[in-house]
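The values are calculated or read from the model by the stated rules, or taken from the named source; none is laboratory data. This structure is a prediction, so every number in the text was calculated from the model and none was measured. We place every Cβ from the backbone using ideal geometry, glycine too, and count neighbours over all the protein chains shown. When the accessible area is computed, the model is the full protein with side chains, heavy atoms only, and any ligands, DNA or RNA have been set aside. Shrake-Rupley method; radii C 1.70, N 1.55, O 1.52, S 1.80 Å.
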Amino acid sequence: MTTLVQDVRYALRQLRQTPGFTITVLLTLALGIGANAAIFTLVNAVLLQHLPVSDPKTLVRLGDENDCCVNSGTRDDGKYSLFSTNTYELLKKNVPEFEELAAMQAGFSYRPVTARRDGSQTEARSVMGEFVSGNYFRTFGLRPQAGRLFTDADDVKGAPVTAILSYESWKHEYAGDTSVIGSTFWINTKAVTIIGIAPQGYYGDRLISTPPEFYLPLRSMELLANTTYVNDPDVEWLYFVGRVKPGVALEPLQQKVSALLRQAFTPSKLFTGQKGQVLLSKSHIVLTPGGGGIQNMQEEYSSHLHLLMWISSLVLLIACANIANLLLVRGMGRRAEMSLRTALGATRTRVIRQLLTESVVLATLGGLAGLAVAYAGAHMLLMLAFPDAKNIPIQASPSLPVIGFALALSLVTGVLFGVAPAWMAARSQPADALRTGSRTTTGGATILQRVLVVLQASLSLILLVGAGIFAQSLNKLQSTDLKLDSRNRYIVHINPQAAGYSQRQVEALYHTMEDRFHAIPGVLKVGICTYTPMEDNNWGTGIAVQGQPDATMGASFVKGNAEFFDSVGTHVVMGRGIQLQDTSTAPPVTVVNQTFVKDYFKGKNPIGHRIGPPKSPGDFEIVGVVEDSVYTAVQWKDHRMYFVPMMQRYASDKDPIETDLSLYAGAIVLQTARPMSDIEPLTRRTLASINPNLTIVKFQTFDEQIADRFTEERLISRLTSLFGGLALLLAAIGLYGVTAYTVVRRTSEIGIRMALGAERGSVIIMIMRGAMIQTLLGLAIGIPVALFCIRYVKSQLYEITSVNPTVMIFSVLTLTAAACIAGIIPSRRAASIDPARALRTE
């Protein structure tokens, strides 16, 4: 132990004596390890983390897909992940293999709730609420932070409506006031009693940027959300997660729940007829691990996070090559010292141990610096990935696995790249210590050092090309003609349903909103719609053309008022748009987009034709055609769409108006004559003057909404550019180090050449030639590898299937320029050698 302490002290003294070397290695390690640890922090938090619940390994999810949010109909593949209330009750009663089986609402982020504490003078807030079964918290093995959690008695029809408040909301919104428990809140204008606080750290059954603030019983949804599909056996709107009993095999359990699913479907009219019977026989459930909860975000970010791990690994590889070069140079430079120590009696084992100790100490310090970089890098990644999130349950601080990963990585780096220099230095002969000359005409960098430089150059080119194609992909996305006009447009997301309005009341509400907003000076258009073009939302259904029974296809639909098209900048190209006379009592009409016309009518004039659901294709008369404005995502090509007046319904729809959720507007689009900095407070006051419960769910400019659709692509582009620049810097440092070392080793040779009449220019060319040959070898390897690798990332690119020549040329020129800069500095130093001084060193 004493010897180890002495070795560490000596190592620290040696590192202090060579600050340039020490700082360079520490920075290289910090950047290489820090970048990887930052990415691993995000990967660990998003992809690998279990829910903060009891014994997550025994949890099983029924289903394996992200189906959202309220569906009805059959699936061609027969695989279900979304279920009805009726199916939940059937499985809960007939599958004793589950200790508990919980149900939770799917897609709650699309319909937030409006909440206000009774007696409070504050305005009502639009927050996320999730409807869950009475055994929800019991299934996850959770205990309340305060009060109590739900029981089965809370989730029955007619029971007093109760709620659980999240710990984060309790702390931040109500300062941890215990009097909240037992108090009354107005949720969607209905009285609800808070019975408890969810445990600290629990963010819900899925990772999401806006976790629920209120948990509400399933059976209260009909009252609070004014919906009737809760009890409809043909409407799927629930996710299931269960805790299996010890010893239960999943394969037989999967077969059993699939059989019960088919039993639940048998009475449904959706599975009648020969085709329905075939679909019924295919219906099944896939059981998947439920410890991570509902994996919506994980599926969304998985491919990009894995790509970033590969990119950061390449950066680490370049950093390791750089460190290996630096250690080799340092080891060779200390051969005389090691020879002297050997001559004085030090054993080869002792010398190797001392040099390895120095490498490990250096790597440990680099690993600690890497953790600081990882902390800052993880914060940056979160800001880029979730720019508007306030309470996202992802910790940027490196966790214990991340700390262990960083330290293990640094120790492996230190040992791995410290062995070769230690072994070479330990082989020094005692007689070497007596030699003072260093004349050589062939000395310089070793083959290993040159190979490492070539490796750095090739990897740097690959990353530069990757950065270029991802930047090109982002530019293509952002420069796409959306057929929209975002200038002086503002998006106001609302939820009239949560404000207490029934379907019969919203038509008058919309007229009032139009009048009030038009009264604001500067407001030109007031568009009201179910959802806006560039938001993550889509309503779709099957549509047929009257007289063409075989022409049924899927199409998306949006409901809007007379000013909707003008408010978003969509132009009518044939017929007319939605007009004021298209009221709830007027004949149902629709406007279709150009892709709809191309697919259904093969380019013929569609005006006057009628469309509708397959069983009633004559419900709507087509009165106009609009251009193909982009909805939901730029990547969604050939997007068939039809637009319906806000208050109109299918002519054949015999269901009560109270069942039609499409009558609820989700957004207002305000077009103003000029930019208005005070439009948000004006909007809040205007809505509050209509109804205090009519709150803003989200306010943003149209430009901000469009930019939100490219958040992931922007994240990847920025990080690949950052890593590409970092790789270029490390490669340049590596090339500079090897070239500078070559100059030092060849000082005598260069001096002799200059004494014999060699000019400075020829010396510079000689040194530069060696540096550029290594760079060109790196390019020769990197170019074909980069061309090959694009096939693995083209699925994440937009309309890019090969490397653009401009990107390749720019990357090659950038790397070549960096190599020239890295080589010219030691070359000029070589050309400045004084021949007399160089010869005196002999």
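I want to verify the translational diffusion coefficient of segment 80-215 in µm²/s; compute it with Stokes-Einstein, Rh as the Kirkwood radius over Cα pairs, at 37 °C and 0.692 mPa s. It diffuses with D of about 209 µm²/s by this estimate.
Segment residue 288..residue 820, full-extension length gain: 186.0 nm, with 0.36 nm per residue of separation and the alpha-carbon distance subtracted.
Backbone N atoms of segment 143-166 closer than 20 Å to the 7 Å Cα→Cβ label point of residue 50 belong to residues 143-144. Could you please state, rounded to a whole Å, how far the C-alpha centre of segment 723-748 is from the C-alpha centre of segment 594-614? Here the two parts' Cα centres lie 65 Å apart. Taking every Cα-Cα distance in segment 782-832 and sorting them into 10 Å bins starting at zero, the pair-distance distribution P(r) comes out as 21, 35, 22, 14, 7, 0 percent.
Within segment 653-687, list the residues whose amide N lies under 12 Å from a label point set 7 Å along Cα→Cβ of residue 541. Residues 653-655, 660-663 fall inside that zone. For residue 275 and residue 598, what is the calculated FRET efficiency with R₀ set at 25 Å and r taken between the beta-carbons, to the nearest 0.05? That pair, residue 275 with residue 598, gives E of 0.35. For segment 1-111, taking Cα atoms only, Rg and Dmax work out to 27.3, 76 Å respectively.
Between residue 10 and residue 780, the C-beta separation translates, for a Förster distance of 35 Å, into a calculated FRET efficiency of about 0.20. In segment 167-260, the convex hull through the Cα atoms has an average projected area of 9.0 nm², a quarter of its surface area. For segment 691-810, the calculated P(r) over all alpha carbon pairs, in 5 Å bins from 0 to the bin holding the longest distance, is 2, 7, 10, 14, 12, 10, 9, 7, 7, 6, 5, 4, 2, 2, 1, 1, 1, 0, 0, 0 percent. Considering all C-alpha pairs of the chain, those separated by over 38 Å amount to 55%. DSSP beta bridges fully contained in the chain are about 75 percent antiparallel. Taken along its three principal axes, the alpha carbon spread of segment 235-331 comes to 79, 35, 21 Å, from the longest extent down to the shortest.
If you take all other residues with their beta carbon under 13 Å from the beta carbon of residue 72, and give Lys and Arg +1 and Asp and Glu -1, the sum is -3.
Placing dummy labels 7 Å off each Cα toward the beta-carbon, the span from residue 448 to residue 479 is 4.8 nm.
If you bin all the Cα-Cα distances of segment 473-612 at 10 Å, starting from zero, the percentages per bin are 9, 33, 36, 18, 3, 0. Taking 0.36 nm per residue of separation and subtracting the current Cα-Cα distance, fully stretching the chain between residue 773 and residue 515 would add 85.5 nm. Computed in the context of the full set of protein chains, the accessible area of the chain at 1.4 Å probe radius has 58% of its extent on carbon or sulfur. With all protein chains in place and ligands, DNA and RNA left out, the 1.4 Å accessible area ranks 649, 262, 353 as 353, 262, 649, largest first.
In this label model, residue 306 and residue 159 are separated by 4.2 nm, measuring between points 7 Å along each Cα→Cβ vector. Taking each residue as 0.36 nm, the span from residue 148 to residue 801 lengthens on full extension beyond its C-alpha to C-alpha distance by 229.5 nm. In summary, the helical segments of the chain meeting the span-like criteria, namely a full DSSP H run, a Cα extent along the axis of 24 angstrom or more and a mean Kyte-Doolittle hydropathy of at least 0.0, are 19-43, 296-333, 348-385, 400-426, 447-478, 711-745, 760-789, 805-831.
Protein heavy-atom accessible surface, 1.4 Å probe, per residue over segment 277-323: 37 Å². Shown here are the Rg and Dmax of the Cα trace of segment 52-108, at 12.7, 37 Å. Just so you know, the averaged projected area of the alpha carbon convex hull for segment 178-233 sits at 5.2 nm². For segment 543-594, count all C-alpha to C-alpha pairs, find those more than 12 Å apart, and express that count as a whole percent of the total. Beyond 12 Å sits 72 percent of the P(r) for segment 543-594. Once the cut-off is 25 Å, how many percent of the Cα-Cα pairs in segment 562-697 end up in the long-distance tail? That fraction is 38 percent. Over the C-alpha trace of segment 88-130, radius of gyration and Dmax come out as 17.0, 50 angstrom. Between residue 759 and residue 172, the C-beta separation translates, for a Förster distance of 56 Å, into a calculated FRET efficiency of about 0.15. Within the chain, the cysteines lacking any other cysteine Cβ closer than 4.7 Å to their own Cβ are 320, 529, 789, 820. Per the Kirkwood formula applied to alpha carbons, segment 701-743 shows a radius of gyration over Rh ratio, Rg over Rh, of 1.42.
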